[in-house]
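What follows draws every value from the coordinates through simple rules; no lab data is involved. Worth saying up front: this structure is predicted, and the values here are computed from it rather than measured. Backbone-built Cβ (ideal geometry, glycine too); neighbour counts: all protein chains shown.
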Amino acid sequence: MNLFEQRDLLIKEVFKPAFKTAGFRIPGTTFKKQEKDFLKIFNVQNSAWNLDDHVSFYLNIGFFFPIVNELNGQEIPKNPKEHDCIFRIRTDSLTGRNHAYDILPETDLNELRTLLQTDLNDYVIPFFERYNELEDCLNLKNEFQDLHSSAEPYIGLTMMRNGKKDLGENILMNFIETTHKEYADTLLGFRDELTKSW
């Protein structure tokens, strides 16, 4: 079995069962779970520098908020990928290690399987389970203080669209106070477009 086949075996035997149990759809190497106002995405990304004697892969997490595309006048992709998400991290942000996972000829596949199972069961799946409602996503800012994510305004705009006008606008305006004028003006334009029929 070559190293690429070993990687594929890990995806089949470790990742797919774990995410199926967690309620994700698991075609290919991108797994998705639809929540009411956003989509959770997990992706196994192969390194662009893989060789026959060294295979690396990354584990990506993303939250896709459809309102971003709606307000930008863009079509919502039928199968959003992690790179379509406004909130994106790699799993090393959760585990504190293993930016990439490597398979070499000398790699003990059982040890790597155990490490991956531990990372999924102790970090990745519990992370996804903390974010089931739109309001939960407001905690992303506190959980990842060093991450400059702009998910908050879109959470606020989604809340406004869903009838929580005051709460949504408060979240939006608090974010606008911390960002540059051009982006703030764009977000205010989105708010005005969203509310003009109210």
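Summing +1 for each Lys or Arg and -1 for each Asp or Glu among the other residues whose beta-carbon sits under 13 angstrom from that of Asn139 gives -4. Maximal additional length on extending the Ser47-Glu129 stretch stands at 26.8 nm, based on 0.36 nm per residue less the C-alpha distance. Enumerate by residue number the chymotrypsin sites (Phe, Trp or Tyr not before Pro) in the stretch 1-89 meeting two conditions: DSSP loop (anything except H, G, I, E, B), and at most 11 other Cβ atoms within 10 Å of the site's Cβ. Here the sparse-neighbourhood loop sites are Trp49. For the stretch 150-195, the Cα gyration tensor yields ellipsoid semi-axes of 16, 11, 8 Å (square root of five times each eigenvalue, largest first, whole Å).
Of Ile125, Val14, Ile103, which is farthest on the positive side of the dipole of the stretch 3-133, counting Cα position, with +1 on Lys and Arg Cβ, -1 on Asp and Glu Cβ, and the Cα centre as origin? Of Ile125, Val14, Ile103, it is Ile125. Among the listed pairs Lys16/Lys141; Lys32/Lys181; Lys81/Lys141; Lys40/Lys181; Lys40/Lys196; Lys20/Lys181, those with a Cα-Cα distance over 32 Å are Lys32/Lys181; Lys20/Lys181. For GluC sites (Glu not before Pro), the sites in the stretch 81-120 that DSSP calls loop and that have at most 12 other Cβ atoms within 10 Å are Glu106. Exposed loop sites here mean trypsin sites (Lys or Arg not before Pro) with a DSSP loop assignment and at most 14 other beta-carbon atoms within 10 Å; the chain contains its longest site-free run at 131-195. Distance distribution note for the stretch 43-160: the fraction of Cα pairs above 22 angstrom is 43%. Set against the labelled values (i) 25; (ii) 14; (iii) 49, percent of Cα pairs over 32 Å apart computed from this structure falls on (i). Helical runs (DSSP H, four residues minimum) scored at -39500 (n - 2.57) apiece and divided by the length of the chain put the mean residue ellipticity at 222 nm at -11000 deg cm²/dmol.
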